[in-house]
Amino acid sequence: MQDASKFKATHRSGHGHGPRHDVVPPTGVTFKAGRFGRMIPELTHALEPPDAALGELGLAMLDKDDAASADNPNIPAGYTYLGQFIDHDITLDTTTLTEVAQDPTAIENFRTPRLDLDSVYGFGPRAQPSLYDRNSPGRAKLLVGTTSEPGFPTPGAAGLPHDLPRNAQGFAIIGDERNDENLLVAQTHVAFLRFHNAIVDQLVGTVPDARLFDTARRHVVDLYQAMVLRDFLTKLCDVNDIAAAVDRRRFFRFETFGAFGQPYMPIEFSAAAYRLGHSMVRRTYSHNRIFRPGNPPAPPGSFDLLFLFTAKSGQIGVVPGPTPANKPTLPGDWIIDWRRFLDFGTTDTADGFTLNHARRLDPYLATELHSLPTGAGTPTPDSSLAVMNLRRGVKMKLPAAQHLARFMGVEVLSPDAIATKADGAVAKQHGLHLRTPLWYYILKEADVTQGGMRLGPLGSALVAETFVGLLQGDPDSLLSRNPGWRFGQPIPGLLPPGADVGFSFADLVAIAAGGREKEKLSPIG
């Protein structure tokens, strides 16, 4: 039996706190219009509060415990890391806080601002064959890595196809190295690799090998985009905002403000609204039957362990080494049990089974996110992800949230509503209940108006308009190929017809796993 005391993180980077200056742009295609810009360029007055005020407010945004009352019963925890995976698919800003330009349009987004899975496919099998299985029909399948010997006794856990493909030093061979930043986003990436390969298997014999990859990729990207629209966004946004954006976008006017009428990445989204996922992160997870609460000596899936069992942030590939993560690839006992992260209607009560839920959308971040990079120690302004986010909003010259809400015609939170609770009292002390940082306001709005179940009016409109705009600006997307489509209708052209209706992240994972049976979704039992 493994010594639980060895489960100690030694990595030097953490969630949102990696050494950004040396991030190599990933291998996806660079879209010429792929820069950061303003959704509402008419708002030129930036909010620039004193840094000390940002520090005090950020440190007050603390989720002090892991009480179940702060869970969001509407959002399983797998969507937290699907959101991070999607973020990596559409954005990559390699500038540091000190390097960021005064004008955010000068910041290049090295990732294509499209929902096209270039983080998975890279340049494709001809230009980047290292991502692909040369022995598969038409070389159409993506490489999938296999697991190493487990640390805890787990018969049959080694050699399973449930890791990212890795080189001899353990580094992931994938289209975006950020998807090996933490174990849960890595396992999400693995699910997409396996989903693509499952679609290839379904198509073999129905199309020539020379067309197999392109046909499979089209099916996968179509279903991914449909899932983002119908499943992921509806968990975060008011469905009326999504439908309205599909009918007629009012604010993300890339046709007017984008180079050559092409989409760019709005900083109101990337530097504020879409940082909502930070509030959804749990302190611990029931990861599988071994690494779960109440199963000593095995620890639960804690913040530091989720980073330890990677190569980018942790110890995979560092062999030999002092921790259980010092293996050539992911140890087999750390394969995810998807039933604990997505709702498959599981009624299993064995092995401490429980469905992890995301935390509510509110202005409170897990303790570990205030103590980066290790997730331990006393929080300081320089170690707090909340403070970093607030500072980034200032550097990006974001306007006060109230100005943006009034411009967009949505109801503005009252100063008294913002001033509620301990964090609100700090905001009021610095006058930030009157002119409020956008990221903080969006989380406070979700808490006050929706009980943290989903985004409030401003946040919902920003997120819905951005995602719909990115799809409508991509000539190959579902929406561009079906300009008359309206939210709620089946999307034409999918195979089989109507495949998008009700298609969820859980459906994608089940296809990737080969079924919904326990042994498929939880390979180690």
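Assorted remarks:
- Total residues in region 242-270, condition among the acidic types (Asp, Glu) and crowded, with 23+ Cβ neighbours inside 10 Å: 1
- Comparison of VAL412, VAL468, VAL448 shows that the only residue that is more than 29 Å from SER286 (Cβ to Cβ), open to solvent by 50 Å² or more (accessible area, probe 1.4 Å) and either modelled with pLDDT under 95 or of a type in the set (Val, Ile, Thr) (or both) is VAL448.
- 1 or more residues farther than 29 Å from ARG360 by Cα and not small (Gly, Ala, Ser): qualifying helices (runs of 4 or more DSSP H) within region 454-525: 457-472, 478-481, 518-521
- Annotation note: of PRO373, PRO379, the sole residue that is open to solvent by 20 Å² or more (accessible area, probe 1.4 Å), touching a helix residue (DSSP H, G or I) at 6+ places or on another chain (Cβ under 6 Å), part of a loop (DSSP other than H, G, I, E, B) and in contact (Cβ under 8 Å) with a residue 40 or more places away in the chain is PRO379.
- For region 332-379, a residue qualifies if it is among the β-branched types (Val, Ile, Thr) and farther than 16 Å from SER286 by Cα, and the qualifying residues are THR367, THR374, THR378.
- Top-ranked residue of region 336-354 - restricted to ones that are hydrophobic (A, V, I, L, M, F, W, C) and not in a loop (DSSP other than H, G, I, E, B), ranked as least open to solvent (accessible area, probe 1.4 Å): TRP338
- Sole residue being open to solvent by 10 Å² or more (accessible area, probe 1.4 Å) and under 25 Å from LEU443 (Cβ atoms), chosen from ARG275, ARG292: ARG275
- Subset of region 164-212 (residues that are β-branched (Val, Ile, Thr) and either in contact (Cβ under 8 Å) with a residue 12 or more places away in the chain or touching a helix residue (DSSP H, G or I) at 6+ places or on another chain (Cβ under 6 Å) (or both)): ILE173, ILE174, VAL185, THR188, VAL190, ILE199, VAL200, VAL204, VAL207
- Residue in region 310-329 that is open to solvent by less than 30 Å² (accessible area, probe 1.4 Å), within 20 Å of ILE174 (Cβ to Cβ) and part of a helix (DSSP H, G or I) present: no
- Entirely in region 140-236, the helices (runs of 4 or more DSSP H) that have 1 or more residues that are over 27 Å from ARG282 (Cα atoms): 183-203, 209-227
- Condition check for ALA513: in contact with a Gly (Cβ under 9 Å, 6 or more places away or on another chain), at pLDDT 95 or above and surrounded by 14 or more Cβ atoms within 10 Å (Cβ to Cβ): no
- Any chance SER148 is on the phi < 0 side of the Ramachandran plot and either modelled with pLDDT of 95 or more or touching a Ser or Thr at 6+ places or on another chain (Cβ under 7 Å) (or both): yes
- Single residue of region 20-48 satisfying the filter (over 16 Å from THR91 (Cα atoms) and open to solvent by less than 20 Å² (accessible area, probe 1.4 Å)) that is modelled with the highest pLDDT: LEU47
- When the criteria are applied in full, PRO161 fails the requirement of being touching a residue at least 24 places away in the same chain (Cβ under 8 Å), under 19 Å from LEU305 (Cβ atoms) and either open to solvent by 30 Å² or more (accessible area, probe 1.4 Å) or among the basic types (Lys, Arg) (or both).
- With respect to the conditions (1) touching a residue at least 40 places away in the same chain (Cβ under 8 Å); (2) surrounded by fewer than 19 Cβ atoms within 10 Å (Cβ to Cβ); (3) among the hydroxyl-bearing types (Ser, Thr, Tyr), SER480 lacks only one, and its number is (1).
- If you go through region 391-425 and pick out every residue that is in a helix (DSSP H, G or I), basic (Lys, Arg) and touching a residue at least 60 places away in the same chain (Cβ under 8 Å), you end up with 3.
- With respect to (1) part of a loop (DSSP other than H, G, I, E, B); (2) farther than 22 Å from ASP51 by Cα; (3) open to solvent by 10 Å² or more (accessible area, probe 1.4 Å), the lone exception for LEU361 is condition (3).
The values are calculated or read from the model by the stated rules, or taken from the named source; none is laboratory data. If you're wondering where the values come from, they're calculated on a predicted model, not measured in any experiment. Note that we place each Cβ from the backbone using ideal geometry, even for glycine, and neighbour counts take in every protein chain shown. Please note that ligands, DNA and RNA were not included when accessible areas were found on the heavy atoms of the full protein model with its side chains. Shrake-Rupley method; radii C 1.70, N 1.55, O 1.52, S 1.80 Å.
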